[in-house]
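S.K.: Below: one structure in C-alpha coordinates.
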Amino acid sequence: MPWFKVDDQLHDHRKARIAGPAAMGLWVCAGSWSMSAHTDGFIPLSLVARWGTKKDAERLVRAGLWSHYEKDGEE
(Lines give C-alpha, C1' and ligand atoms only; values in the text may rest on other atoms or scores of the structure.)
Protein backbone atom coordinates (compact mmCIF):
# COMPACT_ATOMS: atom_id res chain seq x y z
CA MET A 1 0.00 0.00 0.00
CA PRO A 2 1.50 3.39 -0.98
CA TRP A 3 1.58 6.29 1.42
CA PHE A 4 1.00 10.01 0.94
CA LYS A 5 3.41 11.63 3.38
CA VAL A 6 2.85 15.08 4.84
CA ASP A 7 5.72 16.98 6.42
CA ASP A 8 5.31 17.92 10.07
CA GLN A 9 6.02 21.56 9.17
CA LEU A 10 3.31 21.77 6.50
CA HIS A 11 1.05 23.72 8.87
CA ASP A 12 3.42 26.71 8.73
CA HIS A 13 4.84 26.44 5.21
CA ARG A 14 4.55 29.62 3.14
CA LYS A 15 2.72 27.83 0.30
CA ALA A 16 0.20 26.30 2.73
CA ARG A 17 -0.45 29.72 4.26
CA ILE A 18 -0.99 31.22 0.79
CA ALA A 19 -3.37 28.42 -0.25
CA GLY A 20 -5.42 28.53 2.96
CA PRO A 21 -7.00 25.75 5.01
CA ALA A 22 -9.81 24.77 2.61
CA ALA A 23 -7.43 24.40 -0.32
CA MET A 24 -5.01 22.43 1.85
CA GLY A 25 -7.84 20.04 2.76
CA LEU A 26 -8.34 19.49 -0.96
CA TRP A 27 -4.58 18.96 -1.39
CA VAL A 28 -4.45 16.28 1.32
CA CYS A 29 -7.56 14.40 0.13
CA ALA A 30 -6.49 14.58 -3.52
CA GLY A 31 -2.99 13.39 -2.64
CA SER A 32 -4.40 10.44 -0.74
CA TRP A 33 -6.69 9.57 -3.66
CA SER A 34 -3.80 9.85 -6.12
CA MET A 35 -1.75 7.35 -4.15
CA SER A 36 -4.63 4.88 -3.91
CA ALA A 37 -5.37 5.24 -7.64
CA HIS A 38 -1.68 5.14 -8.62
CA THR A 39 -1.96 8.28 -10.79
CA ASP A 40 1.46 9.70 -9.87
CA GLY A 41 -0.06 12.94 -8.60
CA PHE A 42 -2.54 13.52 -11.41
CA ILE A 43 -5.96 14.59 -10.11
CA PRO A 44 -8.75 14.76 -12.71
CA LEU A 45 -10.59 18.07 -12.48
CA SER A 46 -13.83 16.08 -12.37
CA LEU A 47 -12.86 14.77 -8.91
CA VAL A 48 -12.06 18.13 -7.32
CA ALA A 49 -15.69 18.66 -6.26
CA ARG A 50 -15.45 15.58 -4.00
CA TRP A 51 -13.13 17.39 -1.61
CA GLY A 52 -13.24 21.10 -2.47
CA THR A 53 -14.03 23.67 -5.08
CA LYS A 54 -12.47 24.80 -8.33
CA LYS A 55 -11.50 27.98 -6.46
CA ASP A 56 -9.59 25.83 -3.93
CA ALA A 57 -7.77 24.14 -6.83
CA GLU A 58 -6.91 27.56 -8.29
CA ARG A 59 -5.51 28.63 -4.92
CA LEU A 60 -3.26 25.55 -4.91
CA VAL A 61 -2.02 26.46 -8.39
CA ARG A 62 -1.38 30.08 -7.30
CA ALA A 63 0.51 28.88 -4.22
CA GLY A 64 2.72 26.63 -6.33
CA LEU A 65 1.40 23.36 -4.87
CA TRP A 66 -0.44 22.25 -8.02
CA SER A 67 -0.12 22.91 -11.71
CA HIS A 68 -2.64 22.64 -14.50
CA TYR A 69 -2.01 19.39 -16.36
CA GLU A 70 -3.76 17.25 -18.94
CA LYS A 71 -3.29 13.48 -19.12
CA ASP A 72 -4.73 11.27 -21.81
CA GLY A 73 -7.13 14.03 -22.86
CA GLU A 74 -8.44 14.58 -19.34
CA GLU A 75 -7.92 17.71 -17.24
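S.K.: Can you report the number of residues in segment 30-51 which are under 11 Å from the mean Cα position of the chain (by Cα) and either on the phi > 0 side of the Ramachandran plot or basic (Lys, Arg) (or both)?
M.R.: Counting residues in segment 30-51 that are under 11 Å from the mean Cα position of the chain (by Cα) and either on the phi > 0 side of the Ramachandran plot or basic (Lys, Arg) (or both) gives 1.
S.K.: Let me ask something additional. Inspect segment 22-36 for any residue being closer than 22 Å to Glu70 by Cα and loosely packed, with under 13 Cβ neighbours inside 10 Å and give the result as yes or no.
M.R.: Yes; the residues of segment 22-36 include at least one that is closer than 22 Å to Glu70 by Cα and loosely packed, with under 13 Cβ neighbours inside 10 Å.
S.K.: Then there is this: From the set of residues in segment 40-75 that are in contact (Cβ under 8 Å) with a residue 24 or more places away in the chain, not in a helix (DSSP H, G or I) and not charged (D, E, K, R), which is most open to solvent (accessible area, probe 1.4 Å)?
M.R.: Checking each candidate, the answer is Tyr69.
The values are calculated or read from the model by the stated rules, or taken from the named source; none is laboratory data. Nothing here was measured: the structure is a model prediction, and the numbers come from that model. A quick note on method: Cβ atoms are made from the backbone with ideal geometry, for glycine too, and the neighbour counts reach across all protein chains shown. When the accessible area is computed, the model is the full protein with side chains, heavy atoms only, and any ligands, DNA or RNA have been set aside. Shrake-Rupley method; radii C 1.70, N 1.55, O 1.52, S 1.80 Å.
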